[in-house]
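Undergrad: Below is one structure. I have some questions about it.
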Amino acid sequence: MPKVEDAEVKIDLSGMEKADALQKLDTIVVYCKKSWAKSLYVSFDPARADGKETLFQPVARYFKVEKFNGYVARVIPLMTPEKGGVFVEFKI
């Protein structure tokens with residue numbers, strides 16, 4: 001299991017609305033592609049008791065497309081009670 005501190009690039013989307021979070025995520029992923037970063041850790045608010053959608057599904061869908069397009073090797077969920085997140089390994 002990868003460790004958060006091992007990620008070359010880290011981004012925190014906590015407290016953001018879906019549209020703003022995905023725009024910020026896209027900007028960082030473009031940066032990662034241009035800089036040949038090997039890994040990215042994306043964190044966001046954890047699941048809530050109210051059942052509202054977290055950023056997990058939108059972020060996972062984003063990386064599903066990136067994987068389909070050949071940019072991502074794997075995406076690993078790293079969830080804790082305090083933080084949701086995914087560790088992304090890019091193809092180089």
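Undergrad: Yes or no: residue 19 in a loop (DSSP other than H, G, I, E, B) and at pLDDT 95 or above?
TA: When the stated conditions are applied, residue 19 does not pass them.
Undergrad: Is it true that some residue in segment 64-72 is of a type in the set (Val, Ile, Thr) and part of a helix (DSSP H, G or I)?
TA: Checking segment 64-72: at least one residue is of a type in the set (Val, Ile, Thr) and part of a helix (DSSP H, G or I).
Undergrad: Any residue in segment 9-23 that's open to solvent by 90 Å² or more (accessible area, probe 1.4 Å): show its pairings with residues that are in a strand (DSSP E or B) at Cβ separation under 7 Å, as long as the two are six or more apart or on different chains.
TA: As it stands, the answer is 10/41, since those pairs meet every condition given.
Undergrad: Restricting to segment 79-92, give me the number of residues that are closer than 19 Å to residue 49 by Cα, surrounded by fewer than 19 Cβ atoms within 10 Å (Cβ to Cβ) and not hydroxyl-bearing (Ser, Thr, Tyr).
TA: 4
Undergrad: Ok, one more. Look at residue 40 and say whether it is in contact with a Cys (Cβ under 8 Å, 6 or more places away or on another chain), surrounded by 13 or more Cβ atoms within 10 Å (Cβ to Cβ) and not in a loop (DSSP other than H, G, I, E, B).
TA: Yes: the conditions hold for residue 40.
Undergrad: While we're looking at this one, here's another question. If I ask for residues that are within 18 Å of residue 4 (Cα to Cα) and either exposed (fewer than 10 other Cβ atoms within 10 Å of the Cβ) or free of Cβ contacts under 8 Å to residues at least 60 places away in the same chain (or both), which ones from segment 56-78 would you list?
TA: Once the filter is applied, which keeps residues that are within 18 Å of residue 4 (Cα to Cα) and either exposed (fewer than 10 other Cβ atoms within 10 Å of the Cβ) or free of Cβ contacts under 8 Å to residues at least 60 places away in the same chain (or both), segment 56-78 yields 56, 59, 60, 63, 72, 73, 74, 75, 77.
Undergrad: Would you confirm whether or not segment 68-80 contains a residue that is at positive phi and not charged (D, E, K, R)?
TA: Checked segment 68-80: at least one residue is at positive phi and not charged (D, E, K, R).
Undergrad: Right, here's the next one. Among the numbered conditions (1) more than 13 Å from the chain's Cα centre (by Cα); (2) surrounded by 11 or more Cβ atoms within 10 Å (Cβ to Cβ), tell me where residue 51 comes up short.
TA: It fails just one condition, (2).
Undergrad: Next question, about the same structure. Looking only at segment 22-59, which residues are among the small types (Gly, Ala, Ser) and at pLDDT 95 or above?
TA: 35, 37, 39, 43
Undergrad: Okay, moving on. When you go through (1) within 14 Å of the chain's Cα centre (by Cα); (2) open to solvent by 30 Å² or more (accessible area, probe 1.4 Å); (3) closer than 19 Å to residue 9 by Cβ; (4) without any contact (Cβ under 8 Å) to a residue 40 or more places away in the chain one by one for residue 34, which number turns out not to apply?
TA: If we test residue 34 against (1) within 14 Å of the chain's Cα centre (by Cα); (2) open to solvent by 30 Å² or more (accessible area, probe 1.4 Å); (3) closer than 19 Å to residue 9 by Cβ; (4) without any contact (Cβ under 8 Å) to a residue 40 or more places away in the chain, just (1) comes out false.
Undergrad: Does segment 44-55 contain at least one residue that is part of a strand (DSSP E or B), closer than 18 Å to residue 90 by Cβ and either among the aromatic types (Phe, Trp, Tyr) or out of contact with any His (no Cβ under 6 Å at 6 or more places or on another chain) (or both)?
TA: No, segment 44-55 contains no residue that is part of a strand (DSSP E or B), closer than 18 Å to residue 90 by Cβ and either among the aromatic types (Phe, Trp, Tyr) or out of contact with any His (no Cβ under 6 Å at 6 or more places or on another chain) (or both).
The values are calculated or read from the model by the stated rules, or taken from the named source; none is laboratory data. For clarity, every value in this text was computed on a predicted model and none was experimentally measured. Quick reminder, even Gly has a Cβ in these numbers, built from the backbone with ideal geometry, and neighbours come from all protein chains shown. Protein only, heavy atoms only, side chains kept; ligands, DNA and RNA dropped before computing areas. Shrake-Rupley method; radii C 1.70, N 1.55, O 1.52, S 1.80 Å.
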